[in-house]
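Worksheet: the structure to be examined is printed underneath.
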Amino acid sequence: MNSTFTIGDLTIHRLIEDEKPFFDPLTFFPDATPELIAENRSWMVDSGALDAATGQIVLCIQSYIVRTPHHTILIDTCVGNNKPRASRPFWDRMKGTAYMDGLAKHGLKVEDIDYVMCTHLHVDHVGWNTRLIGGKWVPTFPNARYIFAQKEFDYWAAENAKEEVGPIADSVLPIVEAKMADLVSSDFQLNDHVRLSSTPGHTPDHFAVLLGKSGKDAVVSGDLIHSPLQARYPELGMRADYDQKQGSVTRRKFLECYCETSTLVCTGHFPSPSTGKITRWDNGFRFTASAK
């Protein structure tokens, strides 16, 4: 599996924490029907999006590392180790080595990351923001500025103030308290190679990340789409969407924008290789895996 590819003057690495069947599709997609899953089962199994043995949706939990001529940027930080996640036993207090091993495989140390960008602040996108040292959650990437959308942060900080939200308490607030966070608008531009694009719906102020001088070389989608099934049916929301109606509008607009273009779409959770191109499929779209 190719986990490193070059686009223009960017080098992009996939950093995989885990990849396996996670959820029943009818639970993951509340509006899906058994008939819809059956109709699409064959191509989903063939593409790796559905596990033939269990019938579960296959998800890849991963980060993207983007090396520009100026910076090394980490986009999303997966689940992390030692995080108490009782509601998700498969993520509870993990002790895995895959993430740090993957960083080293790409020739990087935690000190080499200049920016960490979290497309949104869900559990599987903020975990490695911090690690447990001496009983305290401390920033994992000591030389990085962490980029969070202001509106997204404000929403989750308010929710955490009502009742503790684990990923916010142990993986986001320690970054803010360490004064390593930059709270930005979701259309923020870092430099001539990296800019954000507001893509709300899955969370209040989710953003995608546009890459390349034109902004069209590649795009990191985050969780505006979770599965190739949602490409074929853009109105199909998933269980954790903050606003399913807005999410559907955002997803269709995103897919329409990149349909039949040269832009490489780097998805958050599609099965490996996770990157590819968008084409039309009836009233929806088809995702074809590709690394270029």
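Remarks
- Set Lys253/Lys292; Lys109/Lys179; Lys151/Lys253; Lys95/Lys277 screened for pairs whose C-alpha atoms are more than 26 Å apart: Lys95/Lys277
- Over region 8-82, the fraction of Cα-Cα pairs per 10 Å bin, rounded to whole percents and listed from the shortest bin up, is 17, 34, 26, 19, 4.
- Antiparallel DSSP beta bridges within region 86-198, as percent of all bridges there, nearest 5: 40
- The simple spin-label model puts a point 7 Å past each Cα toward its Cβ; for Ala38 and Asn143 those points are separated by 5.8 nm.
- Neighbourhood net charge (9 Å Cβ-Cβ; Lys/Arg +1, Asp/Glu -1) for Phe90: +1
- Computed [θ] at 222 nm, deg cm²/dmol, the chain (DSSP H ≥ 4; -39,500 (n - 2.57); rounded to nearest 500): -6500 deg cm²/dmol
- Cα-based shape type of region 27-138, given that a ≥ b ≥ c are square roots of the gyration tensor eigenvalues and the cut on a/c is 1.5: prolate
- Positive minus negative residues near Lys109 (Lys, Arg vs Asp, Glu; Cβ under 15 Å): -1
- Selected from Cys60, Cys259, Cys118 as most flexible by GNM, with the chain as the system and alpha-carbon contacts under 10 Å: Cys259
- As a proxy for reagent exposure, ranking Val194, Val165, Val176 by other Cβ atoms within 10 Å from fewest up yields Val176, Val165, Val194.
- Max mean-square fluctuation residue, GNM over the chain, Cα-Cα springs under 10 Å, options Met238, Met94, Met44: Met94
- Local net charge near Leu59, Cβ-Cβ under 10 Å (Lys/Arg +1, Asp/Glu -1): -2
- Cβ-based charge dipole, the chain, positive-most Cα from Gly8, Thr33, Ile278: Gly8
- One Cα centroid belongs to region 238-292, the other to region 59-92; the line between them spans 20 Å.
- Charge dipole (debye, nearest 20) of region 4-215; +1 at Cβ of Lys and Arg, -1 at Cβ of Asp and Glu: 640
- Comparing Pro69, Thr203, Gly55 along the charge dipole axis of region 4-215, the residue lying farthest to the positive side is Pro69, per the Cβ-charge model.
- The largest-to-smallest principal axis extents of the Cα set in region 162-240 are 40, 36, 15 Å.
- Among the GluC sites (Glu not before Pro) within region 145-231, those in coil by DSSP and having at most 12 neighbouring Cβ atoms inside 10 Å are Glu163, Glu164.
- Based on Cα contacts under 8 Å between residues 6+ apart, the chain shows a relative contact order of 16 percent.
Each reported figure results from applying straightforward, stated rules to the coordinates on display, with no laboratory input. Since the structure is predicted, the reported quantities are computational estimates derived from the model, not experimental observations. Note: ideal-geometry Cβ built from the backbone for every residue, glycine included; neighbour counts use all protein chains shown.
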